[in-house]
Amino acid sequence: MATVSSTPIRPELVCPAGTPAALKSAVDAGADCVYVGFRDETNARNFPGLNFNRKELAEGIAYAHERGAKVLVAINTFPRAGRADLWHQAVADAAGLKADAAILADIGLIEHAHRTHPDLRLHLSVQAAASNPDAIRFYAERYGIKRVVLPRVLTVQEIAAVSARVQPVETEVFVFGGLCVMAEGRCALSSYATGQSPNVNGVCSPASDVRYTETAAGITSELGGFTINKFGPNEPAGYPTLCKGRFIAADKASYLFEEPTSLNTLAILPDLIKAGVTAFKIEGRQRGRAYVAAVVQAFRQGVDAAMAGLPLPDIDLDRITEGGKQTTGAYEKAWR
Amino acid sequence: MSQGHTRGAVKPATPPFSPVLLLGMALKPVRPVVLQPIFDAMLKMIRRRHPDILERMADYGDRAVCIDPVDLPFVILLEPDPEQPRLTVLREVDPGSVTATIHGPLGMLIALAEGKVDGDALFFSRRLVIEGDTEVVVALRNAIDGAGIDLIDDISAELGPLARPFRAAAGAAAGLIGRMRDDFETLRSALIAPAVKDVDAQGMRIAQLETEIKQLRKTARRGGVA
């Protein structure tokens, strides 16, 4: 079992919260930071009934700060032409409510935030798809970006190389949760099928366009009227996204882009720590507080054990993974 | 168990063999209207203690949702109009009269409401069945999960001086149900043990046959005699 011998940086555990109750669960379970979004299309989890109004965010920040945790506000969609006010207001409110940072993707919004709220710490969202030192240094030098969330396409070795070359810019990587197969921030599959884009409207495969039909043969999932998957009676299901659809090619139904699988790096945390990563991010603002509590507790134990040079905990997270399966994804690129 | 549901071509979640299933059978002769005051009180409590649920559901006020505890002979109709919400217990609901239905065992639905289990995980594992308008179901799930409901705490807070005995009774009931659930599981395992043994044997035989077929195909491809 892998352990860490000497690790100078203790990574922050950055945890998701879609609701005030989930924020409390995350903080109570040991999150160093919680990231949240406003209840509108300024964030990439603009789902029905989810997210925070301004009062809830103020209360959430107070709850977290009283317990030594930070709150980051994701304003990580791309402003629509003529509607930038909504995004500008979100940045102003994040700053006004004393959020610890804003997570932004759009270069115009980053410029606006840097110019109008110079005291607001800025993180570069994974949606910006900055995956090499030149791109990251540009954002840092021009707009004062302090941290970059790296796209989920790099190996651990590549992450180590990028982290070393962009210092003092901090790097944050995903350690658990759903995966996107497309270049981050550049996916058009959902908008092709539903007219709504994760990058602009903040919603991938909007629930309003999803239909499930259960029969004795199993469940059929449709997105925007397209049948995208069929699961047998006891087969684990996944999210109704086109990238995880099962399509028939050469008379064989298979996953062409990606299988329903969750990222889980619990076993390789020491490698990521050695790579010089500053923060570990857990995906899943759309998930319930039971998920948040379970995953945050597992990774709190994992990070603490790795930092102490102890064996990593063997925690089974199968029951909360998509499709009941787990992968280390691009970090190890085991398929090569 | 043939219960009252929004049944159509849909196969709802199978009820687990549990104490609730027996309770459901015992409750079959009871008319839903007799239970209605419990649900009226529950709605009143939710409005008072968790007003944010209806606030989060504001965009979906005109969309009725049927909640179907598959181990009980009733369904619950939720009409989330923020001004005049209604929670009605019925024997069954016409599928055409609701925008969505959620099927699942009672214990799981309560655990979901209390944030003890993750809704997506239940869906992935197929223990929760959803039909109809997915948007209102997602909104309801998020609204309830976000409220931080704790049924024992919530009911205790409504009972004033009776809170302490209620907590004691609830704790004893939870312990009893837990023990009964264990006993039911033992009973279930004993009842199905012969069938499981047969299925295991059949599975092994099928795996053996599949290996033989693969071998024969390989031989045939090489031009050998199968």
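What follows is calculated from the coordinates using simple rules that are stated; it is not laboratory data. These numbers were taken from a predicted model, which means no experiment stands behind them. Please note: Cβ atoms are built from the backbone with ideal geometry, for glycine as well, and neighbour counts cover all protein chains shown.
Over chain A, what is the relative contact order in whole percent, taking alpha-carbon pairs under 8 Å and six or more residues apart?
Numbers: 699 pairs, mean separation 75.7, N = 336.
Once divided by the residue count of chain A, the mean separation gives 23 percent.
Applied to segment B:50-67, the Karplus parametrisation 6.51 cos²θ - 1.76 cosθ + 1.60 on θ = phi - 60° returns per-residue 3J(HN,Hα) values of 9, x, 5, 5, 5, 5, 5, 8, 3, 6, 10, x, 9, 10, 6, 10, 9, 9 Hz, with x for Gly and Pro. Mind checking which of B:164, B:86, B:141 has the largest fluctuation in a GNM of chain B, springs on alpha carbons under 10 Å? In this elastic network of chain B, the residue with the biggest mean-square fluctuation among B:164, B:86, B:141 is B:164. Per-residue mean of foreign Cβ neighbours for A:48-59 is 4 (Cβ atoms of other chains, 10 Å radius). Taking every DSSP beta bridge with both residues inside the protein assembly as shown, roughly what % is antiparallel (nearest 5)? Given both bridge residues lie in the protein assembly as shown, the antiparallel proportion sits at roughly 45 percent. Quick check: net charge around residue A:169, other residues with Cβ under 15 Å of its Cβ, Lys/Arg +1 and Asp/Glu -1? Summing Lys and Arg as +1 and Asp and Glu as -1 gives +1.
Calculated mean residue ellipticity, 222 nm, the protein assembly as shown: -13000 deg cm²/dmol, from DSSP H runs (n ≥ 4) at -39500 (n - 2.57) each, averaged per residue and rounded to 500. Annotation for segment A:226-293 versus segment A:119-193: alpha-carbon center distance of 19 Å.
Taking every DSSP bridge with both residues inside chain A, close to 35 percent are antiparallel.
For every other residue with a beta carbon closer than 10 angstrom to the beta carbon of residue A:69, add +1 if it is Lys or Arg and -1 if Asp or Glu, then tell me the sum. Display every interim value, and only then the final one.
Working: positive: A:67, A:70; negative: A:12, A:28, A:32, A:66, A:100.
After counting each charged neighbour, the total is -3.
The amide H of residue A:171, built 1.01 Å from its N in the peptide plane, has A:148, A:278, A:279 as neighbours under 5 Å, considering only residues 5 or more places off or on other chains.
In summary, the aspartates and glutamates within cross-link reach of residue A:252, defined as a Cα separation below 20 angstrom excluding same-chain residues under 8 places away, comprise A:222, A:235, B:210.
Magnitude of the charge dipole for chain A, about its Cα centre and with charges confined to Cβ atoms of Lys, Arg (+1) and Asp, Glu (-1), is about 260 debye.
Shielding of A:238-246 by partners, i.e. mean partner chain Cβ atoms within 10 Å per residue?
Details: counts 3, 3, 1, 0, 0, 0, 0, 0, 0.
Whole-number average of other-chain Cβ neighbours for A:238-246 is 1.
Close amide H pairs (under 5 Å, H built 1.01 Å from N) link residue A:229 with A:221, A:246, residues at least 5 positions away or on another chain. Taking chain A as a Gaussian network of alpha-carbon nodes connected by springs under 10 Å, the highest mean-square fluctuation of the residues A:85, A:304, A:251 belongs to A:251.
Can you sort B:204, B:57 so the residue with the fewest Cβ neighbours within 10 Å comes first?
Values: B:204 10, B:57 24.
Exposure proxy ranking, most exposed first: B:204, B:57.
Would you kindly derive the ³J(HN,Hα) couplings of segment B:144-157 from the backbone phi angles with the Karplus curve 6.51 cos²θ - 1.76 cosθ + 1.60 (θ = phi - 60°), listing them in order in whole Hz, with x for Gly and Pro? Residue by residue, segment B:144-157 yields 6, 4, x, 7, x, 5, 9, 4, 5, 4, 5, 5, 4, 5 Hz.
Along segment A:71-78 the Karplus relation, 6.51 cos²θ - 1.76 cosθ + 1.60 evaluated at θ = phi - 60°, assigns HN-Hα couplings of 10, 10, 10, 7, 10, 10, 9, 9 Hz to successive residues, with x for each Gly and Pro.
Which whole number gives the average count of other chain Cβ atoms within 10 Å of the Cβ atoms across peptide B:125-138? Display every interim value, and only then the final one.
Numbers: counts 9, 10, 0, 0, 3, 5, 4, 2, 4, 12, 8, 4, 5, 9.
Per-residue shielding by partner chains comes out at 5.
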